[in-house]
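The values are calculated or read from the model by the stated rules, or taken from the named source; none is laboratory data. Owing to the predicted nature of the structure, the values given are computational and were not obtained by experimental measurement. Here Cβ is always computed from backbone atoms with ideal geometry, including for glycine, and neighbour counts include all displayed protein chains. Quick note on the areas: whole protein, heavy atoms, side chains included, nothing else; ligands and nucleic acids left out. Shrake-Rupley method; radii C 1.70, N 1.55, O 1.52, S 1.80 Å.
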Amino acid sequence: MAKRWAVVIAAVLLVGAAPPPRERVIVLGETEPVAVNGVATRLRVDPGAAGLLLVTPAIANAATLKGGGMFGFNVGYVVGTVGVLCRTAVARVALTGVPAKRRVGWTERPYASGVDATVGPTGLDAPVISFRGRAPAPGERTAALDLALEGGLFSSFFGAYGRMEVAGRPLLIRLAPYQPHTTATASAARLLADALGGRLSGAATREVIAFGIERPVRLMTLARPLDVGPLSLSTLRVRVPDTGSVAGIAEATDAPARAADPDEVVVVAKDKRKRRPDTLTLGADVLGRCSSMVFDKPARQVRLTCG
């Protein structure tokens, strides 16, 4: 009889339990409290970040996270020509208020300055992740890109991108509202320059991409704008020494001669099947026009609502 009542009570609890929310809304610029092994942290959900929950070394130490062992392994991230080793461990994390075991990573270089932890859309359980930017404005338009996930079977550890084609070739679109400027890898810039008439100008400056890693960038102006969903781009910054080569992109007639960058390493893939995807990262200079960025996992879409 006691067992029967236990089954009935469990059934009532299941029927009365609220289903997990289908949509999770994130307000850009805000953080939320998260506990990692009981250690209070401030989490930033970043559309451009990896899905693996990344904490700073200080939080990892306070939470007594230890890599290696039966449940520990390393994950590698690459920013241009710089590799970043990420150690991982299983911890009790209260990401939605209820502590549960999940994998956490930490690196010598924090992913972002000023926050204790970051996670991207693939690291959240909700099927739809909606990022809210500026207030909606008249004349906005919504358009969808295909959702592309990085990392295959381990996609929950890596990033989520939009995907489009330029001149018959795929171009990944990374949404990075916490990065000041829109940037393209060298191979992506060559693709855009060939298709839309791009020209480089000015001397190289430095741009922080992720993990505090700076890369040299130069300004490129397009003769014909690139339409990314509802957004139109005429200028962007090119990561000149990164994946691929900018050789062959024309210089603006009034541009000064470019001095060689001491960090420059040109990477040329010997096997086209193994080449890294061409990637365009939209920064705050472009995404500031958007009121909404939605990662819809079931629909396999990234929807942008922008003016």
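Applying the criterion of being more than 21 Å from Ser130 (Cα to Cα) and not β-branched (Val, Ile, Thr) to the residues of segment 159-179, the residue that is surrounded by the fewest Cβ atoms within 10 Å (Cβ to Cβ) is Gly168.
Of the residues screened, Ala100 is not one that is at pLDDT 90 or above and either within 22 Å of the chain's Cα centre (by Cα) or open to solvent by less than 60 Å² (accessible area, probe 1.4 Å) (or both). Inspect segment 271-284 for any residue being small (Gly, Ala, Ser), at pLDDT below 95 and open to solvent by less than 40 Å² (accessible area, probe 1.4 Å) and give the result as yes or no. No, segment 271-284 has no match at all. Of all residues in segment 130-142, those that are in contact (Cβ under 8 Å) with a residue 60 or more places away in the chain and outside any loop (DSSP other than H, G, I, E, B) have Cβ atoms under 6 Å from Cβ atoms of residues that are open to solvent by less than 40 Å² (accessible area, probe 1.4 Å) and of a type in the set (A, V, I, L, M, F, W, C), 6 or more apart or on another chain, in Ser130/Val294; Phe131/Ile26; Phe131/Met293. Residue check: Arg92 meets all listed conditions (1) open to solvent by 30 Å² or more (accessible area, probe 1.4 Å); (2) in a loop (DSSP other than H, G, I, E, B) but one, namely (2).
Residues of segment 103-127 that are open to solvent by 60 Å² or more (accessible area, probe 1.4 Å), more than 16 Å from Ser156 (Cβ to Cβ) and acidic (Asp, Glu): Glu108 alone.
Restricting attention to segment 122-154, the residues being under 16 Å from Leu52 (Cα atoms) and under 12 Å from the mean Cα position of the chain (by Cα) number 4. The residue of segment 70-96 that is modelled with the highest pLDDT, among those that are within 21 Å of Ala210 (Cβ to Cβ) and among the hydroxyl-bearing types (Ser, Thr, Tyr), is Thr88. Scoring Gly67 on the criteria (1) small (Gly, Ala, Ser); (2) within 23 Å of the chain's Cα centre (by Cα); (3) more than 19 Å from Gln179 (Cα to Cα) leaves a single failure, condition (2).
Taking segment 195-209 as the range and being closer than 25 Å to Val78 by Cβ, open to solvent by 10 Å² or more (accessible area, probe 1.4 Å) and in contact (Cβ under 8 Å) with a residue 40 or more places away in the chain as the test, the residues that pass are Ala204, Ile209.
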